[in-house]
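Here's the structure we're looking at; comments come further down.
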Amino acid sequence: MKQPIRVAVTGAAGQLTYSLIFRLATGEVFGPDQPVELRLLEIPQAMGHLQGVVMELDDCALPLLTSIHAADNPEEAFDGVNWALLVGAKPRGKGMERKDLLMDNGRIFVGQGKALERAASDLRVLVVGNPANTNCLIALSHAQSIPPQRFAAMTRLDQNRAQAQLALKSGRPVREVSNMTIWGNHSATQYPDFTNAKIGGRPASEVIPDKTWLQGEFISIIQKRGAAIIEARGVSSAASAANAVINHVKSMINPTPSGDWFSAGVVSDGSYGVEKGLVSSFPLRSDGTNWQIVQGVPLDPFSRQKLDASVKELQEERDTIRELL
Ligand code: NAX
């Protein structure tokens, strides 16, 4: 038997994690012979609910799940973890300003960033809780001994949504849609880049010649998809978001298929003119251990302007929470 991999999940009694944690220990993510230890973090008020989730995990009798540890403080939850999936955050309340949400949730990631210093030396982090990019920036700035490249913010759900919409519009199977970049922030300013996406190996804009749709409705559907799900379902995306977490982790720990890439928010090295140090979404390739930003993806004036607008929002978010850095 291999050494177990230790995975922390925060917000473990929330609705997203209810679609996620069961899949983490089935072999689907880390491999069919890889035992998994789960470290589940919640706030004290949610520990009762979390206990119910733990009972259900027990009742799955998952052969690869070697232990479950529930905690209400991050130091305990992150002890020795190889992966930290930071999902827990406060939802935006009625009448709450975006600035209040940024500050309230930002404070969570100050404490969690510091506590991540207790993790294993090969730690990898995925921030899902919103505002994900800026929360990720806060967490990595407080985890001073951990290389910032180990942190990412999730834009994989946006990538999946964009691939699905291009498939639906073109009538082609979604597996044929590749090279889908989400640029910038996981927010309504994000830019799903149809100009470099491919369908069946051909430029998406050749397969879908309707430029008005691509430049207008397509982008708008992806930017507003989260709100549309809330409108229809009454609660935010959970199963699709959990699925995107699984996709993200797998993309990071497996070599990226030749010619393709995937999207995630990572700390900028200045590529594509994105201010160094911001956590922005880019096209990435992984060798199974480390990722790199794909270089040389052409940005036409339309794409440039969209990316710049999203980066401007990231700068504003960073300026709003500057005291937390
Ligand atoms: P829920 O409100 O159902 O669950 C959040 C859970 O986090 C709650 O159980 C709460 O008690 C817990 N929590 C709050 N503060 C915590 C802390 N300091 N430590 C540990 N746990 C804490 O929300 P859910 O629908 O599960 O969504 C979770 C987060 O994912 C939200 O911030 C949401 O905005 C974000 N999303 C991000 C997405 C992305 O693509 N990046 C997509 C899906 C999702 O909307």
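Just so it is clear, none of the values below were taken in a lab; they were calculated from the coordinates. This structure is a prediction, so every number in the text was calculated from the model and none was measured. Please note: Cβ atoms are built from the backbone with ideal geometry, for glycine as well, and neighbour counts cover all protein chains shown.
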Completion exercise
At R0 = 45 Å the Cβ-Cβ FRET efficiency linking Ala120 and Lys224, nearest 0.05, sits at 0.70
Problem - q = 0.10, 0.11, 0.13 Å⁻¹: log10 I(q)/I(0) that the Debye formula gives for segment 5-153, counting C-alpha atoms only - result: -0.32, -0.39, -0.55
Problem - Loop GluC sites (Glu not before Pro), segment 68-103 (other Cβ atoms within 10 Å of the site Cβ: 14 or fewer; DSSP) - result: Glu97
Completion exercise
The pairs in Lys2/Lys276; Lys224/Lys312; Lys276/Lys306; Lys169/Lys306 lying past 29 Å Cα-Cα in this model are Lys2/Lys276
Fill in the blank from the handout: For the chain, percent of DSSP beta bridges that are antiparallel (nearest 5) comes out at 45 percent
Handout entry: Two-site label geometry, Asp72 and Lys2: point separation in nm, points 7 Å out along Cα→Cβ
Key = 3.5 nm
Exercise for the section: Mind checking which of Ala239, Gly296, Pro192 is farthest towards the positive end of segment 156-324's charge dipole, using Cβ charges of +1 (Lys, Arg) and -1 (Asp, Glu) about the Cα centre? Expected result: Ala239
Practice task
Starting from segment 196-229, pick out the trypsin sites (Lys or Arg not before Pro) whose DSSP state is loop and whose Cβ has at most 15 other Cβ atoms within 10 Å.
Solution key: Lys224
Handout entry: Gaussian network model of the chain, Cα within-10 Å springs - most flexible of Leu65, Leu299, Leu16
Key = Leu299
Exercise for the section: Quote the charge dipole size of the chain about the Cα centre in Debye, to the nearest 20; the model charges only the Cβ of Lys and Arg (+1) and of Asp and Glu (-1). Expected result: 640 debye
Exercise for the section: Name the residue, out of His142, His49, His248, whose mean-square fluctuation peaks in a Gaussian network model built on the chain with Cα pairs under 10 Å. Expected result: His49
Practice task
Would you mind checking the radius of gyration and Dmax of segment 9-89 based on alpha-carbon positions, in Å?
Solution key: 11.7, 36
Handout entry: Most mobile listed residue (Pro173, Pro301, Pro74) in the chain, GNM with C-alpha springs under 10 Å
Key = Pro301
Problem - Sequence-separation-based contact order of the chain, relative, with Cα cut under 8 Å and 6+ spacing, percent - result: 16 percent
Handout entry: Relative contact order %, segment 1-103, counting alpha carbon pairs below 8 Å whose residues are six or more apart
Key = 37 percent
Fill in the blank from the handout: Given a Förster distance of 35 Å, the FRET efficiency implied by the Cβ-Cβ spacing of Phe302 and Glu323, rounded to the nearest 0.05, works out to 0.45
Handout entry: Mean Kyte hydropathy of 0.0 or more with a Cα span along the axis of at least 18 Å, helices from DSSP in the chain
Key = 47-60, 239-253
Completion exercise
Under the Karplus relation with 6.51, -1.76 and 1.60 and θ = phi - 60°, whole-Hz ³J(HN,Hα) for segment 179-192, x at Gly and Pro, equal 6, 9, 9, 9, 9, x, 9, 7, 6, 6, 9, 3, 10, x
Fill in the blank from the handout: Cβ-Cβ cut-off under 10 Å around Arg39, Lys and Arg +1, Asp and Glu -1: the net charge is -2
Exercise for the section: Mind jotting down the three principal axis lengths of the chain based on Cα atoms? Whole angstrom, largest first. Expected result: 52, 44, 39
Problem - aspartates and glutamates with Cα under 20 Å of Lys114, excluding same-chain neighbours fewer than 8 positions away - result: Glu42, Asp72, Glu75, Glu76, Asp79, Asp104, Asp122, Glu323
Handout entry: Charge dipole magnitude, Cβ of K and R +1, D and E -1 - segment 5-153, Cα centre, debye nearest 20
Key = 660 debye
